[in-house]
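Structure, as structure tokens:
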Amino acid sequence: MSAPAASPFAIETRALNLWYGSFQALKGVTVGIRHGQITSLIGPSGCGKTTLLRCFNRVNERYGEVRTTGDIEVLGRNIYAADVSLIELRRSVGMVFQRPNPLPLTVYENVVFALRLHTPGRQLTRPTLDEAVERALTETGLWKDLKDRLRTRATDLQLEQQQKLCIARLLPLRPDVILMDEPCSALDVEGTRAIEDLMAELRGRYTIVIVTHSMAQARRVSDECIFMLLGELVEHRRTAELFLVPQDRRTAEYIEGRYG
Amino acid sequence: MRTDAQPRVAAGPDGRPPFAETAYGRRKLRQESAARAVFLAMTLLMVAPLVAIVAHLVVEAWPALSLEFLLDVPRNRMTEGGIWSALVGTIYLVAISLAVAAPIGVLAAVYLNEYAKDTWFNRIINLAVINLAGVPSIVHALFGLGAFVYAARFGFSVMAASLTLAIMTLPVIIASTREALAAVPTAFREACWNVGASRWQTIRGVVLPNSISGILTGIILQVSRAAGETAPVMFTGAVLYKAVERGSLFPYYLDDQCMALSMHLYVLTTQVPNVAHAIPYATAVVLLGSVLLVNAAAIGLRVWLRNRKRW
Ligand SMILES: Nc1ncnc2c1ncn2[C@@H]1O[C@H](COP(=O)(O)OP(=O)(O)OP(=O)(O)O)[C@@H](O)[C@H]1O
Ligand SMILES: [Mg+2]
């Protein structure tokens, strides 16, 4: 959305280390993630993809004992600065999960849920809410199917619609970054295609980071690709180049399927 | 395609046809039915005394059971009349104790489950809660006697007895509430955190609405426990006999002593000579009946709230 001037990066980390207790899950990760592009994060299980993703809105801190060193800048702002509000940070950096997790409320209430969290009650008139719902559902391609079912429970929708709804509920907050942690792994082929199409649709307006276990998916959807191994960032390049001419031996071995 | 493959012979290595029963297999089947029989027998064995007790109580109590028995006060040195004084006393004690214990217990459980970090201090609190839930009621009774009757100078009173019951039920309410909170899927909390909800917004918006059925059930089950215990009220505020008016709704003040069902039953069976035969039985039936009623209400509530949520 509002792009700060100088840097081409929406997210930058420098020498980022992270420990769960005494276990080091991220080792000196330095990376820049470009504005408005789709960046995929690949690597074998347990290499720290989810952990890195959760750093970008500092939600790691909610998952127990976590210690971090190094810098993270989002939109040019150091998110560890003393006056950074986690609430505002997470409002602008939203996340979508592996299993669609709509709240057990109606479709309508799911979409306006975050809006209600961030706005004093009296500013939320019915028309404002209605408009936010229509806009978010239209943007995620759900409006046509759901406009007459806004009062159904979100948990009764098909999985694919649930996942789209999880994306839709971020949009009324006008986020800058959308983090997706294996958003398609609970979906069938059709659902996967639908989400990928939606990502292509959102590309440019939002900076998207997607963790995926499918290299084919990384190739299909992403502009840049990051390969991680054992908590380290091994290689980060244009997706096409990374899969065509990997520079690092470990990347080459991974995309050949020698491990992972 | 392999053309030289032999068709599989319809015989195992020892010449029997495939899938035939073996001696070992038959033995397993016999064990299976034996196990089933034993489990069934144990279940019946458990149910039988329960049915026998209830049947015996109801049969013996039958001549005395009536609405009048509930509403009338004990008469003629407690050998006749009803149980209103004790019934209303128990309702008071339980209601006040829950009014104290339920909010404190639920809020403490929310803190422990949603806010507290895993430090040694909180671990000690956890351990204390779990152990307190297992302390025998006579210990709570003595604590109540010391703390509320004497130290806090409430004297032997409704107040002291209610607070003692509250102390007794508190750890169990904390434990059951924590269980209900922990049963709310993490995915719901994650959904909130990642759109910038504060902890309190997460709790109020998602965690409490989705655990309320479990929380309420846990609290209601403590009603029956508080109503049934004798020792905690006997030591702190319940008396043998207290004159009240038939059917009166507000017979006791907070600093009065009162009668209570559990205590009344104990007194009738051990202290009162020449009591009409059916009266202690009828008192027991009322006590049992109210406990069953409350438990049924808890189950009903649970089912009703369950049906409203789906995830
Ligand atoms: N809350 C936690 N406490 C302790 N260790 C953790 C925690 N979360 C993750 N880890 C550990 O950190 C490492 C990285 O985990 P992470 O979930 O980031 O991996 P991942 O790349 O997302 O794996 P996957 O592909 O299986 O999702 C793993 O070894 C994991 O066991
Ligand atoms: Mg992961």
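Read the figures in this text as sums done on the coordinates, not as results from a lab. Quick caveat, the model's predicted, so the values are computed rather than measured. A quick note on method: Cβ atoms are made from the backbone with ideal geometry, for glycine too, and the neighbour counts reach across all protein chains shown.
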query: Relative to the first principal axis of the alpha-carbon coordinates of chain B, what is the inclination of helix B:261-270, with its axis defined by its Cα atoms, in degrees from 0 to 90 and to the nearest 10?
result: 70 degrees
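Starting with the highest mean, order B:24-34, B:243-253 by the number of other Cβ atoms within 10 Å, averaged over the residues of each peptide.
B:243-253, B:24-34
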statement: Quick calc, the protein assembly as shown, dipole around Cα centre from Cβ unit charges on Lys, Arg (+) and Asp, Glu (-), nearest 20 debye, gives 400 debye
- request: Taking chain A as the reference, fit the longest principal axis to its C-alpha atoms, fit the long axis of helix A:189-202 to the helix C-alpha atoms, and give the angle between the two in degrees, 0 to 90, nearest 10.
  value: 90 degrees
query: Averaged across the residues of A:96-102, what count of C-beta atoms belonging to other chains lies within 10 Å of each residue's C-beta?
result: 4
- prompt: If you count, for every residue in A:48-61, the Cβ atoms of partner chains within 10 Å of its Cβ, what is the mean?
  reply: 1
- prompt: Which three extents, in whole angstrom, do the alpha-carbon atoms of region B:43-111 cover along their principal axes, largest first?
  reply: 51, 42, 19
- request: Compute the Cα gyration tensor for chain B, then decide on rounded, prolate or oblate, letting a ≥ b ≥ c be the square roots of its eigenvalues: rounded whenever a/c is under 1.5, prolate when a/b is larger than b/c in the other cases, and oblate in all that remain.
  value: oblate
query: Going highest first, how would you order B:160-173, B:209-222 by mean Cβ packing within 10 Å?
result: B:160-173, B:209-222
Cleavage-rule hits (trypsin sites (Lys or Arg not before Pro)) in region A:92-189: DSSP loop, at most 14 neighbouring Cβ within 10 angstrom: A:147, A:151
Inter-chain Cβ neighbour average for residues B:195-203, partner chain, 10 Å: 6
query: Using the Cα atoms as the points, what is the convex hull volume per residue of region B:104-199 in Å³?
result: 116 Å³
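Please label the shape of the protein assembly as shown as rounded, prolate or oblate, based on the square roots a ≥ b ≥ c of the eigenvalues of the alpha-carbon gyration tensor (a/c under 1.5 means rounded; beyond that, a/b larger than b/c means prolate, else oblate).
Numbers: a/c = 2.62, a/b = 1.74, b/c = 1.51.
The shape class here is prolate.
How big is the convex hull of the Cα atoms of chain A, per residue, in Å³?
Values: hull volume 34.8 nm³, N = 260.
Measuring per residue, one finds 134 Å³ for the Cα hull of chain A.
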- line: The alpha-carbon pair-distance distribution computed for region A:95-146, with 10 angstrom bins and whole-percent values, is 22, 54, 22, 2
query: DSSP loop chymotrypsin sites (Phe, Trp or Tyr not before Pro) in region B:68-132 with at most 16 other Cβ atoms within 10 Å of their Cβ, which ones?
result: none
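Suppose a student asked you for the relative contact order of chain A, using Cα pairs under 8 Å spaced at least 6 residues apart; what percent would you report?
Values: 475 pairs, mean separation 73.0, N = 260.
Dividing the mean separation by the residue count of chain A yields 28 percent.
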query: Helix A:107-118 sits at what angle to the longest principal axis of chain A, using alpha carbons and giving 0 to 90 degrees rounded to 10?
result: 70 degrees
query: If contacts are Cα pairs under 8 angstrom and at least 6 residues apart, what is the relative contact order of region A:148-260 in percent?
result: 18 percent
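Using Cα pairs closer than 8 Å and at least 6 residues apart in sequence, work out the relative contact order for chain B, in percent.
Reported relative contact order: 26 percent.
At 222 nm, what helix-only mean residue ellipticity would the protein assembly as shown give, in deg cm²/dmol to the nearest 500, using -39500 (n - 2.57) for each DSSP H run of four or more? Each step should come with its number before you reach the end.
On the way: 22 runs with 279 residues, N = 571.
The helix-only estimate for the protein assembly as shown comes to -15500 deg cm²/dmol at 222 nm.
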- line: Per principal axis, largest first, the Cα atoms of region A:78-118 extend in Å by 37, 24, 12
task: Would you mind ranking A:125, A:212 by Cβ crowding within 10 Å, fewest neighbours first?
output: A:125, A:212
query: Along the principal axes of its C-alpha atoms, what lengths does region A:1-118 span, in descending order and rounded to whole Å?
result: 43, 36, 30
- request: Take the eigenvalues of the Cα gyration tensor for region B:10-165, scale each by 5, and report the square roots as semi-axes in whole Å, largest first.
  value: 53, 34, 13
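Which number comes out as Rg/Rh for region B:167-266 once both Rg and the Kirkwood Rh are worked out on C-alpha atoms?
Working: Rg = 20.3 Å, Rh = 16.7 Å.
Rounded to two decimals, Rg over Rh is 1.22.
Which is the longest stretch in chain A that no exposed loop site breaks, taking sites as chymotrypsin sites (Phe, Trp or Tyr not before Pro) with a DSSP loop state and at most 16 other Cβ atoms within 10 Å? Write down the numbers at each step before the final one.
Values: sites that count: A:80, A:259.
Longest run free of exposed loop sites: A:81-258.
Hey, what's the per residue convex hull volume over the C-alpha atoms of region B:222-311, in cubic angstrom? Walk me through the intermediate numbers first.
Values: hull volume 13.1 nm³, N = 90.
Normalising the Cα hull of region B:222-311 by residue number yields 146 Å³.
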Approximate shape of region B:64-144 as ellipsoid semi-axes (Cα gyration tensor, √5λ), whole Å, largest first: 42, 15, 9
